[in-house]
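Notes follow once the structure below has been shown.
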Amino acid sequence: MDEIYNKIESIAAESNGFVKTSQIEAAGISRGVIKKYVDSGLLERVRKGIFVPIDADIDEFALLQVQCSSLVFSYGTVLYVWGLTDIIPHTFDISVPQGENISRLLRDNQKIKAYHRNS
């Protein structure tokens, strides 16, 4: 692999396996390079502006937090995350601050049940 791809992989390693377009651009890498790596199969686009290196395991819990950093897992989902139950949740129960725009999150993830909380 080349030096630029190694830089993208190191960014992903520091970010739970995911890399955002904004992180890549902050590292001085252009969007054209992202497209080149996606077209060549080295990067996979998992959501708008979110990529993973090819052959990476996608953690759905981490992906949700990358999409919305203010979300908090709640109810049955948090029991699973904390290891208090071995039942894998069929839907993700999340709480977000009142007024938070999560329309894209809900559109991209049909398995979410969202609750609003006071900040």
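Observations
- Of all lysines in the structure, those lying under 24 Å Cα to Cα from Lys20, and not within fewer than 8 positions of it along the same chain, are Lys7, Lys35, Lys36, Lys48, Lys111.
- Sparsely packed trypsin sites (Lys or Arg not before Pro) within segment 20-115, loop by DSSP, other Cβ within 10 Å at most 16: Lys48, Lys111
- If only the Cβ of Lys and Arg carry +1 and only the Cβ of Asp and Glu carry -1, the dipole of the chain around its Cα centre is close to 600 debye.
- Fewest-first ranking of Val52, Val33, using other Cβ atoms within 10 Å as the exposure measure: Val33, Val52
- The chain: equivalent-ellipsoid semi-axes (sqrt of 5 x gyration tensor eigenvalues, Cα, Å): 30, 16, 12
- Over the chain, Cα pairs under 8 Å with separation of 6+ residues give a relative contact order of 17 percent.
- Under a model in which nothing but the beta-carbon of Lys, Arg (+1) and Asp, Glu (-1) is charged, segment 60-117 shows a dipole of about 180 debye around its Cα centre.
- Among the chymotrypsin sites (Phe, Trp or Tyr not before Pro) found in segment 73-119, those both in a DSSP coil and sparsely packed, with 14 or fewer other Cβ atoms within 10 Å of their Cβ, are Trp82.
Coordinate-derived values only; no laboratory data. Note that this is a predicted model, so its numbers are computed, not measured. Because the Cβ atoms are built from the backbone with ideal geometry, glycine has one as well, and the counts that use them run over all protein chains shown.
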